[in-house]
């Protein structure tokens, strides 16, 4: 099974991709993890780009992705989370792998703003809380490790509206290139998960 998960910020696609990957024994690949886990010559290339404050280009991401997809870990299949984000990346991906299905997790822009602006991250262990849906027992303190909870700088409405605009203009376009299924992301994590399993079965 070769899948792509897409959805606007705050749709829970990362959470769902992890759960689905575990259930089916697939390799979950998020762009961030991919860059953090890179080794050897490719790591030197990534480090150089990042040390110069540049964004890692599509060519380099595809090179790293190609290496990852040929690893033992991805033998049973994979879920791409956060790539491709636009049509140019779709064409590049086509060169290295075919895709069976795209799962779109759909939520409204207003829901996205509420979820993302309500997010609080633990500075110590990375656990994520939300002032609306997953409050910590003590405000500002992580339940897991007691670390401080902060709001990321880019988790504000102005920055998010800009990211949503790009999502609607560029990422949604990729749905026309693949067989895609739409899942309502407004429900609980377990309900959304059940729904995804249903559409994939």
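Please treat every number below as a calculation from the coordinates, not as lab data. From a predicted model like this one, the values you see are computed outputs, not experimental measurements. Cβ sites come from the backbone with ideal geometry, for glycine too, and all protein chains shown count toward neighbours.
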### Task
Assuming R0 = 25 Å, can you tell me the calculated FRET efficiency for the pair residue 125 and residue 50, based on Cβ-Cβ distance, to the nearest 0.05?
0.60
### Query
Nearest 0.05, what FRET efficiency do residue 188 and residue 97 give at R0 = 35 Å with Cβ-Cβ as r?
0.60
### Task
Would you mind telling me which residue in 105, 138, 64 has the biggest mean-square fluctuation in a Gaussian network model of the chain, where springs connect alpha carbons within a distance under 10 angstrom?
138
### Task
For region 124-201, compute Rh as the Kirkwood radius over C-alpha pairs and then the Stokes-Einstein diffusion coefficient at 25 °C and 0.890 mPa s; write the answer in µm²/s, rounded to an integer.
155 µm²/s
### Task
Using 0.36 nm per residue of separation minus the Cα-Cα distance, give me the extension gain between residue 43 and residue 154 in nm, one decimal.
37.3 nm
### Task
For region 26-79, just the Cα set please: Rg and Dmax, both in angstrom.
11.5, 37
### Largest-first principal axis extents, alpha carbons of region 41-190, Å
49, 37, 33
### Query
Using a simple spin-label model with points 7 Å from Cα along the Cα→Cβ vector, what separation in nm is obtained for residue 87 and residue 138?
5.4 nm
#### Entry: Residue-averaged 222 nm ellipticity for the chain, from DSSP H runs of 4+ at -39500 (n - 2.57), nearest 500
-12500 deg cm²/dmol
### Summary
So, relative contact order of region 16-107 in percent, Cα under 8 Å, 6 or more apart, is 38 percent
